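The values are calculated or read from the model by the stated rules, or taken from the named source; none is laboratory data. Bear in mind that the values here come from a model prediction, so they are computed numbers and not experimental data. Heads up, the Cβs are rebuilt from the backbone with ideal geometry, glycines too, and the neighbour counts pull from every protein chain shown. Protein only, heavy atoms only, side chains kept; ligands, DNA and RNA dropped before computing areas. Shrake-Rupley method; radii C 1.70, N 1.55, O 1.52, S 1.80 Å.
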Amino acid sequence: MSLLVVGLSHRSAPVSVLERAALSADAQAKLLQDTLAAEPAAEAAVLATCNRIELYADVDKFHAGVAELSTLLAQHSGVGLEELTPYLYVHYEDRAVHHLFSVACGLDSMVVGEGQILGQIKDALARSQELHTAGKLLNDLFQQALRVGKRAHSETGIDRAGQSLVTFGLEQLAARGPVEAWAKGKRVLVIGAGSMSSLAAATLARAGVEEIVVANRTLERALRLAQILAESGTGVTARAVPMGDVADELTRADVAVSCTGATGLVLTAEAVAAAVGGATPPPAVRDALAPSADPAAPATGGDATAFAQHAEWLEKARGRGPARADAPDGDAFDVRTTSLALLDLAMPRDIDAAVHRIDGVRLVDIESLAEASADAPMADDVEKVRGIVSDEVAAFGAAQRAAHITPTVVALRTMAADVVAGEMARLEGRLPGLADKQRAEITQTVRRVVDKLLHAPTVRIKQLASEPGGAGYADALRTLFDLDPQTVAAVSRADHMNNENDDPNRGRA
């Protein structure tokens, strides 16, 4: 096994870098194809979520693999290699397995213990299978990671330590109070109809909101989600609208949740200001608040003068007090004064960060969630999960090492069978009149002798090979018995083909 993972996450990189390095679905597919085309990699899979981007590969050379995978991540993310490198982490062989299993259990999540990562790992495996970039190693690895994650959630109380990013975000909007009390009777606009948006909509429906409006670029998906919500038995009213109606719906919403795959802003500071103000700002203010036309520039909105102009406009438009100069601190925020609560779960962000300066607007995004989760308590069960991960890593490594020597053992037994067949043919030439019963008894005796001689060594070598550092036993066996490397390779190929036939969902390297 030569498993290598190169990546970056909320633990190694600031949100601003993660946001710029985010990969679209098309970019992920191209990255997988280019990784397989690179010389060191035989298999590849990408795990891309709102707070991590990781490239997994089966490589034949460590240093060349690290260099190639790092370069490919930089090329496809659009962040220069020199800028990206300080934020990258590298794990190899058992450490790479340990990392993925920890991720699957929620130990490496922004909100420790959250279970949504299992769905994202499943999606990553399905994508690599569909593109035929996952071979035996990565199929085994990701499928085992899913099993380990499920085991951790079923055998421990890790669910009490964490929650979904959606629930955590809603708790922040509710100023860490009961989400049900905060959400009751509210009108919600959900932008996007993917897994994260669907989870947010379902959570809000259960929390008791009055109405949910779903907006999506593909109206059919929005209609499907709205129908599911309407039939959920929660009593929520749900309907779907095209993306072009977002501005109008925002004026009627108390809460807006956005999680799309857009590369630019979905809600600008201007659009939010107009929604809460009920009017269109003057051109000078609108131009100052709009995000930069330069796609490389950060979406931070206008300068202090622009916001002063905006505050004056808001005061006239709504007859209310001035805009806040700075974002409030979590617990100090009074949810009763909020006219529009915004939850941005997208990476890169969907909502302009400048909206937090608008009076009556509360924004929670990935960056603020990362800061809030740093102080989140960890349950005692986390230690139990870490024990499960360690045990599963050892078991996975042993199984992989044992599987590595199996073709050599099979080749040895095949050679022994050929020797028996050859000797029996020679005996037939010397004793042509041998009766069938005698010939069968002699053949069976010779085979038993050979099997007994090989039994103890082959069992022992499988045990030794399953231990750390046991990879060299296969080479020793081939050398001692002068086994043909081509025969061993043929057995490996046959075993690989049998595995693919047994599992039609298995990708091919």
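Distant-in-sequence amide contacts of ASN216, defined by a placed amide H-H separation under 5 Å and a gap of 5 or more residues or a different chain, comprise GLY192, VAL241, MET243.
Please pull out the direction-averaged projected area of region 38-172, using the convex hull of its alpha-carbon atoms, in nm² to one decimal place. Before the final figure, lay out the partial values.
Values: hull surface 36.0 nm².
If you wrap the Cα atoms of region 38-172 in a convex hull and average its projections, you get 9.0 nm².
Spacing of the modelled spin labels on VAL419 and ASP475, each 7 Å from Cα toward Cβ, amounts to 2.4 nm.
Applied to region 58-65, the Karplus parametrisation 6.51 cos²θ - 1.76 cosθ + 1.60 on θ = phi - 60° returns per-residue 3J(HN,Hα) values of 9, 10, 9, 9, 5, 5, 5, x Hz, with x for Gly and Pro. Compared with the alpha-carbon gap, the fully stretched path from ALA181 to SER154 is longer by 6.8 nm at 0.36 nm per residue. Model label sites at HIS132 and LYS437, defined 7 Å from Cα along the beta-carbon direction, differ in position by 5.7 nm.
Per-atom-type breakdown for region 181-285 gives carbon and sulfur 51% of the accessible area (1.4 Å probe, protein chains only). Residue ranges 217-229, 255-267, 451-463 sort as 255-267, 217-229, 451-463 when ordered by packing (mean number of other C-beta atoms within 10 Å per residue, highest first). Estimated at 0.36 nm per residue, the fully extended path between LEU427 and SER390 surpasses their Cα-Cα distance by 7.8 nm.
Taking the mean number of other Cβ atoms within 10 Å as a proxy for protection, how do you rank 396-405, 78-87, 24-33, 355-364 from highest to lowest? Intermediate values should be presented prior to the final figure.
On the way: 396-405: 19.0, 78-87: 14.3, 24-33: 16.7, 355-364: 23.0.
Highest mean packing first, the order is 355-364, 396-405, 24-33, 78-87.
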